[in-house]
1. Helix 107-132 versus the longest principal axis of the chain: what is the Cα-based angle in degrees, 0 to 90, to the nearest 10?
2. What is the diffusion coefficient of region 85-198 in µm²/s, taking the Kirkwood radius over Cα pairs and the Stokes-Einstein relation at 37 °C with a viscosity of 0.692 mPa s?
3. Could you calculate the FRET efficiency of residue 34 with residue 170 from 1/(1 + (r/R0)^6), where r is the beta carbon distance between them and R0 is 45 Å, rounded to 0.05?
4. Report the FRET efficiency, 1/(1 + (r/R0)^6), for residue 52 and residue 81, where r is their Cβ-Cβ distance and R0 is 25 Å, rounded to 0.05.
5. Just report the Cα centroid separation between region 169-206 and region 100-159, whole Å.
6. Expressed in nm to one decimal, what extension gain is obtained for the pair residue 133 and residue 15 from 0.36 nm per residue of sequence separation less their Cα-Cα distance?
7. Relative to the first principal axis of the alpha-carbon coordinates of the chain, what is the inclination of helix 152-161, with its axis defined by its Cα atoms, in degrees from 0 to 90 and to the nearest 10?
8. Against the longest principal axis of the chain, how steep is helix 192-205, in degrees 0 to 90 to the nearest 10, with axes from Cα atoms?
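Any read-out appearing in this document is the output of simple, stated calculations on the displayed coordinates, not a laboratory observation. Just so you know, these numbers come straight off a predicted model, no measurement behind them. Please note: Cβ atoms are built from the backbone with ideal geometry, for glycine as well, and neighbour counts cover all protein chains shown.
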C-alpha cells in the first residue's frame, strides 16, 4: 500500500509534536516526534513528508513512519570529516598556487603536490583493497613517506573518503607529524635562502 503525502503545517519543536496537512485532504493528521525518521533532521514547518496512518494509545488517528519526501538528511560525522578533508586540502593547494602566482615558489612545487597527492590517494586505495582481500599490503612507512614528500593532501582525503587508516591513533599521529614537517619545509622554501637552495637543486637535475 502506497504511503500518504502531505506537508507539516504546524510544528512545536519544544513539545515535539505538530500536524500534517494531507495533500489530498484538509483534515490535519497529528504527528509526534517519535514517529519521525531518526535518519533525518528534526521536523520543521513547511516540510513535505510521506507517512502512514496509524492510531495512538487512545485510538486516535496519527501519522506513523514519517519521513521527508526529499532531502533533510542529517549531516553525519563521516560527511563532516570528508568535507573538512576536501576543503582543507583545497585551501592548502590554493595557497601554494597563490605563492606560485606571486613567484614566491616555482610551478613545479604545485605540480609535485598535485601529482603526489593523486599517487598517495591511489596508494591508500590499493592498500585498503589489499586489506579486504588479504593480499600484500603497502607498508605504513611508505604511506608516511608519500605524505612527507608532499602527498599528504591526497592522504587526508583518502583516509576520510575511503575510511582507511582513519581510526588508528598511532598512524594518525605520525601522519600529522609528516604534515607539520612538510609544511615547515615548504615555508622554508618560500624564504630567500630556501628559494636559492631549490634553484640550485633544480639546476643540478635540469
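1. Helix 107-132 sits at roughly 60 degrees to that axis.
2. Diffusion coefficient, whole number: 225 µm²/s.
3. 0.60
4. Details: r = 35 Å, r/R0 = 1.39.
In this case the efficiency is close to 0.10.
5. 15
6. Contour length minus the Cα-Cα distance gives 37.4 nm.
7. With rounding to tens, the tilt is 20 degrees.
8. In the chain, helix 192-205 runs at an angle near 70 degrees to the longest axis.
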